[in-house]
Amino acid sequence: MYIKPMKDLQSDKNETIDQLAERCIVHVQKRFNLTLDYTAETLSLLDYYVKELVTEENRGTVPIPGDIVRLNLLPLFAPTLGAYFGETLKRIFGGRWRYTNREPQYWRFEFDTFFVRLNPAGIAANAIAEAPFEEWAGQIMSAPILMPKLEERLNHAPQVAEDELFSFSTAFELIQITGEYLKALSEKTEPLDCSEKTYDSILQDR
């Protein structure tokens, strides 16, 4: 059954990343009278917004992970929430957006101080669905040669509650751990160049 979603953060295909992120700020401000300011501390508020969103769409009860109510919200809300999350990453860690002229599931964000590519809209999709969606590429992607050690490091990250596994706050913490680990690793080995050319050469269209 299709549930008609709230109009708060529905995205317009013609909007830029900056416009989508700013609209996210405006509507969260209207709903909670609190202002998102592109800091890590505001991500818990973004997580709370998602819970409010899916609960309202499910007529007052929290839908289970992967529920159709959650899935119906992905194309409408993941781009706007993802734009804010990506802009937060950009301000804190440095990096750049790629492929934003495509559909949101193909957006990419690349860090310029450590070799990681991901899709902030994909992380938003995971947060809304409370489940992973590989086609939205919300996972952390790095060079194949780095992934085994990186995955081992992330497996030792602090445990979180089940309902926080796919939250923006948890994603940010994992990205922070990843960045610190890869930077430390680069001090011992030859660091990878984080140029667009190198990302495309190693990760191709992933």
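The values are calculated or read from the model by the stated rules, or taken from the named source; none is laboratory data. Because the structure is a prediction, the values reported are computed rather than measured. Cβ sites come from the backbone with ideal geometry, for glycine too, and all protein chains shown count toward neighbours.
See the values below:
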{"read-out": "Subset of segment 37-91 that is of a type in the set (Lys, Arg) and surrounded by fewer than 19 Cβ atoms within 10 Å (Cβ to Cβ) - its residue that is farthest from ILE25 (Cα to Cα)", "value": "ARG59"}
{"read-out": "Pairs where the first residue, in segment 33-61, is more than 15 Å from ILE128 (Cα to Cα) and the second is among the aromatic types (Phe, Trp, Tyr), C-beta under 6 Å, 6+ apart", "value": "ALA40/PHE172"}
{"read-out": "Tally, over segment 161-206, of residues that are assigned to a loop (DSSP other than H, G, I, E, B) and out of contact with any strand residue (DSSP E or B) (no Cβ under 7 Å at 6 or more places or on another chain)", "value": "14"}
{"read-out": "Any hit, segment 19-30, residues being closer than 18 Å to SER167 by Cα, basic (Lys, Arg) and either assigned to a helix (DSSP H, G or I) or modelled with pLDDT under 95 (or both)", "value": "no"}
{"read-out": "Residues being modelled with pLDDT under 95 and polar (S, T, N, Q) - total across segment 114-158", "value": "2"}
{"read-out": "Residue among ILE140, ILE128, ILE175, ILE123 that is farther than 24 Å from ARG70 by Cα and either of a type in the set (A, V, I, L, M, F, W, C) or surrounded by 13 or more Cβ atoms within 10 Å (Cβ to Cβ) (or both)", "value": "ILE175"}
{"read-out": "Selection count where residues are closer than 20 Å to ALA121 by Cβ and surrounded by fewer than 20 Cβ atoms within 10 Å (Cβ to Cβ), scope segment 162-171", "value": "3"}
{"read-out": "Given (1) within 22 Å of ARG96 (Cβ to Cβ); (2) in contact (Cβ under 8 Å) with a residue 60 or more places away in the chain, number of the condition SER169 does not satisfy", "value": "(1)"}
{"read-out": "Test: residue in segment 46-68 that is charged (D, E, K, R), farther than 19 Å from SER167 by Cα and either modelled with pLDDT under 95 or in contact with a Ser or Thr (Cβ under 9 Å, 6 or more places away or on another chain) (or both)", "value": "yes"}
